[in-house]
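Q: My questions all concern the structure below.
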Amino acid sequence: MQILNIATSLLASILLILLTIFVLIKDWRDQVHRYYAFVSMSAFGILITMFLAYVYPSSQYLTQINRFSQMSTTLLFSSILTMSLVFPKGVKKIPILYTLLILLPAFAISFVTAFTDLTITRAYFENGSIVRDYRPGYTAYMVVAFIYLLLGTANFIRKYFKTDVEVYRLQIQYVFIITSTAIILAAICSIIMPKFFNYSELYVFGASIAAFLGVGSFFYSVVTSNLMDITTVLHKTAMHLTLSAIIIAPVYGIVRVYSMKWGYFTNIPTLIYAGIIAILFVLFYIYIQPIIDRLFKRKQYEFENVLNNFLQRVEGIKDFRSVIQQITDTLNDALFLNTAYFVMLNDEEKKYELYYLKGDDTDIDSIDRYSVIIEWFMQNHRIIDIDRVYIDDKSFGEIREYVVDFFINNSIKVILPIYHDGRVLGLFCLGAKNNLSSFKTNELERLQYFQRESNIIISNAYLYEESKREQIISRAVGLSSDILSRAVPVSLPSLRGIKIGAFYIPSHREGMDYFDFIEPSNNGLGVIATGISGVGVGSAIYSVILRSAFHSCMAEAHSTFTVMRSLNNVLYEYSGGKGKFVTAYYYYYDVESRRLMYTNAGFSPLEIFGIERGDFNSCDTEGIPLGYEKGTTFGMGRISLIRGDIGVLYSRALVESLNQRGERFELAQLRGIIKENRRSTPTEIVEIIKERFASFMRFSPLKSDVVVIVLKIM
């Protein structure tokens, strides 16, 4: 057993230190991560001292090593209590002072066990087993340690029955069962059996196995965003049992050779045997585990094939409703869901309403267009699963209660957002699985990929539907070309202290977006850029209305929020709040003060490159699009500029249109061009951007019109 004790304690020590480092690197600011590190390092203290004791059985420091092992045991059991105070994620944080007060008795008993002979007077090996001469203080040490363990266990149980949050209950249940089993195993093998039965053969082995189980279960629940359901438990258990069966043969052979002391092997030190076993474990998990893992992930690959084959089959379909139905049906069937449905924006009602449902009937609440959940998707183009809502404090800390209620009230487990023309067109809502298991991490990853690819197909189908409503695109654009010719500026402004460059690429033969300039005096310049959804005469009329309203704001040009409010009210009066989706950005530059005021209404933020600091600043006020709510108030930002500063205003189509390889001309590329050409004129800069963008897109269609306006302080 000695060689097995050395090997397992070495492996467990390496595992614990690696897990601690990983969790702290992942997010050391998170309180749960820090408390987990305390648990892990306490367990590390136990295993490393056990390892040293068996590697150096004749050391003069053996007694002190054993005392440090007792100290680490006390700290581990007390850390279980403190961990129960902050786990699972999302519960209320506790002040560090409270933690220190709770740990004070543990620190005191740890000091006594480590630096006095009140618990043991001597530790030594006899017939290959460790023996200790106990003092009455050892019983007191055990009592204190077990009190901490019992209190931690009781607190986990209290939380389990007190919380109504399903995910928290699953986390506690999973960790509690495995960790409790692990600690009981360690206590029996390393404390009770040596003390009361004088049996130390499993002294290290029990603690090592407990470390694998207990700390590993905490690790999984602390760092992952998808809870381990029963099917995943079975998968992992079966996979690791298979791995263990494969590994056990060579390990048994090495232990057998060591015990038989055959020939040359008699002279090999025990530490070498332990090292060989540890290396075998590492090599098997590196090279054998992936092969076995692929066998156990067959269903995952089947799910991937279903999604990939479907994307190829549906790519050419133009009928929007048919695309939505087939996607909903495919997701429902491939994932074995109780229900799946799609909610879509109703412009007239200004709500997202049920469009298509597959599976069980579900009471579905309509979603307001400006609700928290829609705002989140506008800022984060990612899918959401219910587990992530509970544990992601950065994304959902302030809005968690609302989002959780939304998921629960609508029987949702995962949401896939769909975008079109800069807005959330609709949401694919996936319900629970037939077997009640959770969505696994690999499934969520595939769904994120599926969402991106299907979004392109859906957006194209929706655009085709829009074009049918406007008749044929080319005819509609032809009818509006005369209107459009009066809705774009014929020349760029020329003003001292500031230079302007701009270009405009329509997505069809003629564009629909509008941009313009006003000069109320020789000391100021107002610049506006808008994004107007759709094509045809209807969209073109919006450009004309905006131009007329914009030029009527000459007197208030310096007050950007006033100008934006006026434009909003004009569009609302025209459409009754049910018109086109119009985003806008307006800024005014004062030559004398070199200050730039700005207001945004759903457009891309103005990017300012500061020549002194050599970096960018995004100027945004996060206003809603124009024309939906009368009397909407808009914010106004201010920024001081100096000579050499450069600003670029661009429509979303510049960074969201996909080329033939499915790549986007991202903001980082645009910023790179500005930075590389900071000494060039605005006219030269826009020509470079235009050439790079055209080369990037080649023959790929644009998502919508592209507008780019560059300013430079001279």
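The values are calculated or read from the model by the stated rules, or taken from the named source; none is laboratory data. The structure displayed is predicted, hence computed values, not measured ones. Using ideal geometry, Cβ is built from the backbone for each residue, glycine included, and neighbour counts are taken over all protein chains shown. For the accessible areas, the whole protein counts, side chains as well, though only heavy atoms, and no ligand, DNA or RNA atoms are used. Shrake-Rupley method; radii C 1.70, N 1.55, O 1.52, S 1.80 Å.
Q: So how strong a dipole does region 389-443 carry about its Cα centre when Lys and Arg Cβ are +1 and Asp and Glu Cβ are -1, to the nearest 20 debye? Don't skip to the answer; put the middle values down first.
A: Values: 6 positive and 7 negative charges, 48 e Å.
Value, rounded to 20: 240 debye.
Q: Between beta-carbons, use under 15 Å as the cut-off and find the net charge around Asp365, counting Lys and Arg +1, Asp and Glu -1. Walk me through the intermediate numbers first.
A: Numbers: positive: Lys350, Lys351, Arg369; negative: Glu349, Glu353, Asp361, Asp363, Asp368, Asp405.
Residues near Asp365 contribute -3 overall.
Q: Express in Å², to the nearest 10, the accessible area of Asp590 obtained by rolling a 1.4 Å probe over the protein heavy atoms while all chains stay in place.
A: Rounded to the nearest 10, that gives 40 Å².
Q: Something else now. Among Ile109, Thr8, Ala123, whose Cα lies farthest out toward the positive end of the dipole of region 1-160, if unit charges sit on the beta carbon of Lys, Arg (+1) and Asp, Glu (-1)?
A: After comparing all options, I get Ile109.
Q: Still on this model: Under 5 Å between amide hydrogens, which residues at least 5 positions from Ile611 or on another chain qualify, with H placed 1.01 Å from N in the peptide plane?
A: Residues meeting the amide H criterion: Asp645, Ile646.
Q: Which peptide among 550-561, 418-429 comes first, and what is the full order, when sorted by highest mean count of other Cβ atoms within 10 Å?
A: For the peptides 550-561, 418-429, the packing ranking is 418-429, 550-561.
Q: Which of the trypsin sites (Lys or Arg not before Pro) found in region 563-669 are loop residues per DSSP with 16 or fewer other Cβ atoms within 10 Å of their Cβ? Can you show the working numbers first?
A: Details: sites: Arg565, Lys578, Lys580, Arg594, Arg595, Arg613, Lys630, Arg638, Arg643, Arg652, Arg661, Arg664; in loops: Lys578, Lys580, Arg594, Arg613, Lys630, Arg643, Arg652, Arg661.
Counting only loop positions with at most 16 other Cβ atoms within 10 Å, the trypsin sites (Lys or Arg not before Pro) in region 563-669 are Lys578, Arg594, Arg613, Lys630, Arg643, Arg661.
Q: Starting at the first residue of region 675-681, write each ³J(HN,Hα) from the Karplus equation 6.51 cos²θ - 1.76 cosθ + 1.60 with θ = phi - 60°, in whole Hz, x for Gly and Pro.
A: Those phi angles translate into 5, 5, 10, 5, 8, 7, 7 Hz.
Q: Would you please calculate the Kirkwood hydrodynamic radius of region 63-146 over all C-alpha pairs and express it in Å, rounded to one decimal? All intermediate terms of the calculation are to be shown ahead of the outcome.
A: Values: mean 1/r = 0.0712 Å⁻¹.
Result for region 63-146, one decimal place: 14.0 Å.
Q: Additional query: Measure up Lys93/Lys394; Lys162/Lys358; Lys351/Lys580; Lys394/Lys433; Lys93/Lys440 against 26 Å on the Cα-Cα distance and list the ones that go over.
A: Where the Cα-Cα span goes over 26 Å, the pairs concerned are Lys162/Lys358; Lys394/Lys433; Lys93/Lys440.
Q: Turning to a different aspect of this structure: Please go through region 305-375 and write out the GluC sites (Glu not before Pro) that DSSP classes as loop and that have at most 16 other C-beta atoms within 10 Å.
A: Working: sites: Glu315, Glu348, Glu349, Glu353, Glu375; in loops: Glu315, Glu348, Glu349.
Loop-located and lightly packed - Glu315, Glu348, Glu349.
Q: Per-residue HN-Hα couplings for region 386-395, Karplus 6.51 cos²θ - 1.76 cosθ + 1.60 at θ = phi - 60°, whole Hz, x for Gly and Pro?
A: So the Karplus estimates, Gly and Pro as x, are 4, 4, 5, 4, 6, 10, 8, 5, 5, 8 Hz.
Q: OK, next. Compute the relative contact order of region 39-157 as a whole-number percentage, counting only Cα pairs closer than 8 Å that sit 6 or more residues apart in sequence. Provide the component values of the computation, followed by the final result.
A: Details: 145 pairs, mean separation 36.4, N = 119.
Answer for region 39-157 is 31 percent.
Q: Quick one: accessible surface of Leu85, probe radius 1.4 Å, all protein chains present, in square angstrom to the nearest 10.
A: Here the accessible area works out near 40 Å².
Q: Also, I was wondering about something else. So how far apart, in nm, are the two label points at Glu622 and Lys162 if each is 7 Å from Cα heading toward Cβ?
A: With each label placed 7 Å out from Cα toward Cβ, I get 3.3 nm.
Q: Let me ask something else about it. Could you tell me what % of all Cα pairs in region 401-454 have separations over 17 Å? Working shown, then result.
A: On the way: 658 of 1431 pairs.
Taking all Cα-Cα pairs of region 401-454, the fraction more than 17 Å apart is 46 percent.
Q: Can you compute 3J(HN,Hα) from phi for each residue in region 372-378, using the Karplus curve 6.51 cos²θ - 1.76 cosθ + 1.60 with θ = phi - 60°, rounded to whole Hz and x for Gly and Pro?
A: 4, 5, 6, 4, 5, 5, 5
Q: A follow-up question, please. Give a quick list of trypsin sites (Lys or Arg not before Pro) in region 25-70 that DSSP marks as loop, anything other than H, G, I, E or B, with at most 12 other Cβ atoms within 10 Å.
A: Numbers: sites: Lys26, Arg29, Arg34, Arg67; in loops: Arg29.
Counting only loop positions with at most 12 other Cβ atoms within 10 Å, the trypsin sites (Lys or Arg not before Pro) in region 25-70 are Arg29.
Q: Then there's this: List the residues, sorted by chain then number, that are 5 or more residues from Leu606 or on another chain and whose placed amide H is less than 5 Å from its amide H.
A: Amide H to amide H, under 5 Å and 5 or more residues apart or across chains, Leu606 pairs with Cys619.
Q: Keeping all protein chains in place and using 1.4 angstrom, which order do Ile17, Ile689 fall into by accessible surface area, from largest down? Write out the running numbers ahead of the final one.
A: Values: Ile17 55, Ile689 0 Å².
These residues rank, largest area first, as Ile17, Ile689.
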